Amino acid sequence: MPLALIETGHLNVDLKPSPIEPSWILEGNPEARSHVLSTSADGAATTVIWSCTEGKFNWYYDVDETIVIQEGSIVLESKGMPPKRYGVGDVIVFHNGAHAKWHVEGYVKKVAVFRQTSPFPLGLAVRAINKLKRTLAPVH
């Protein structure tokens, strides 16, 4: 079944348990919850609402992730980056291969967009095909 061309969602949805890898937890008992809002037709991109209670933990990124903090705050720390507090409205991009120490201060809720990265030659080919489509497609 094809995906709708326009999808809508809301931040106030029921979030289901989405446990943090136990070996990543450094302090406290952070409880994470999430809800998938959308997935692209090719499966390369997903939009999720995610929340977490207070605690400190490591996070290892195996995809590109862009987040917008909707509620609460966190302190992030990473190699070569001193601890810094982020709160409502802040946008953070984590690239595939990144590692960060998260300190959730009480509670945080974010909207996250995950994107699988393609090997460079494949990405180059896709961009070329998309440019060709835009060039040949009639203007609406």
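None of the figures in this text is laboratory data; all of them are computed from the coordinates on show. The structure displayed is predicted, hence computed values, not measured ones. All Cβ positions, even for glycine, are placed from backbone atoms using ideal geometry, and neighbour counts span all protein chains on display.
Of G80, G89, all but one fail to be on the phi > 0 side of the Ramachandran plot and in contact with a strand residue (DSSP E or B) (Cβ under 8 Å, 6 or more places away or on another chain); the exception is G89.
Scanning the range 37-55 for residues that are over 18 Å from T8 (Cα atoms) and buried (at least 17 other Cβ atoms within 10 Å of the Cβ) yields S51, C52, G55.
Which is loosely packed, with under 15 Cβ neighbours inside 10 Å, among the hydrophobic types (A, V, I, L, M, F, W, C) and not in a strand (DSSP E or B), of L5, L26? Just a single option satisfies the conditions, and that option is L5. The residues listed here are D62, D90, D42; of these, the one that is of a type outside the set (V, I, T) and within 10 Å of F114 (Cα to Cα) is D62.
Return yes when I49 is touching a residue at least 12 places away in the same chain (Cβ under 8 Å), of a type in the set (V, I, T), more than 19 Å from H99 (Cα to Cα) and in a strand (DSSP E or B) and no when it is not. For I49, the condition - touching a residue at least 12 places away in the same chain (Cβ under 8 Å), of a type in the set (V, I, T), more than 19 Å from H99 (Cα to Cα) and in a strand (DSSP E or B) - is met. For first residues located in the range 24-41 and more than 11 Å from F57 (Cα to Cα), partners that are in a loop (DSSP other than H, G, I, E, B) and among the acidic types (D, E) and lie 6+ apart or on another chain with Cβ distances below 8 Å form the pairs H35/D14; L37/E7; S38/E7. Among all positions in the range 61-81, there is at least one residue which is free of Cβ contacts under 8 Å to residues at least 12 places away in the same chain, in a strand (DSSP E or B) and not hydroxyl-bearing (S, T, Y). Do the conditions hold for I92, that is, is it touching a residue at least 60 places away in the same chain (Cβ under 8 Å), outside any loop (DSSP other than H, G, I, E, B) and surrounded by 15 or more Cβ atoms within 10 Å (Cβ to Cβ)? Taking the combined requirement at face value, the residue does not satisfy it.
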